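The values are calculated or read from the model by the stated rules, or taken from the named source; none is laboratory data. Remember, it's a predicted structure, so these values are computed and weren't measured experimentally. Cβ atoms come from the backbone with ideal geometry, glycine included; neighbour counts cover every protein chain shown. Ligands, DNA and RNA are stripped out before the accessible areas are found, and what is left, the full protein with its side chains, is counted by its heavy atoms. Shrake-Rupley method; radii C 1.70, N 1.55, O 1.52, S 1.80 Å.
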Amino acid sequence: MPLEPGLLEILACPACHAPLQERDAELVCTADDCALAYPVRDGIPVLLVDEARRPA
């Protein structure tokens, strides 16, 4: 389920404050040096650094 367009515009990465981009079931930080991927569960973004997936 995609997020509302207005919501994605105001969300930012909690670690570095860069914009987020929706990919599959995750919100991915657009900053090259951060690139954390936050899960979206039941249509709700989980913006906790401890829950984020680190880039490979």
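For the chain, what % of the accessible area comes from carbon and sulfur atoms, probe 1.4 Å? Can you show the working numbers first?
Details: 2060 of 3940 Å².
The computed percentage sits at 52.
Given contacts defined as C-alpha pairs under 8 Å and at least six residues apart, what's the relative contact order of the chain, whole-number percent? Value for the chain: 25 percent.
Our coupling estimate for segment 22-31, obtained by passing each phi through the Karplus curve with A = 6.51, B = -1.76, C = 1.60 and θ = phi - 60°, is 7, 9, 6, 9, 9, 10, 10, 5, 8, 6 Hz, Gly and Pro reported as x.
Could you give the dipole magnitude of the chain about its Cα centre, charging the beta-carbon of Lys and Arg +1 and that of Asp and Glu -1, in debye to the nearest 20? Working shown, then result.
Working: 4 positive and 10 negative charges, 22 e Å.
It works out to roughly 100 debye.
Surface exposure of the chain, expressed per residue as accessible area with a 1.4 Å probe, stands at 70 Å².
Distance between the 7 Å Cα→Cβ label points at R54 and E4: 3.5 nm. For volume of the Cα convex hull per residue in Å³, computed directly from the structure shown, the correct entry in [x] 50; [y] 91; [z] 72 is [z].
Only DSSP H runs of four or more residues enter the estimate; each adds -39500 (n - 2.57), and after division by the residues of the chain the mean residue ellipticity at 222 nm equals -2500 deg cm²/dmol.
May I ask you to order 10-21, 28-39 by the average number of other C-beta atoms within 10 Å around their residues, highest value first?
Highest to lowest by the protection proxy: 28-39, 10-21.
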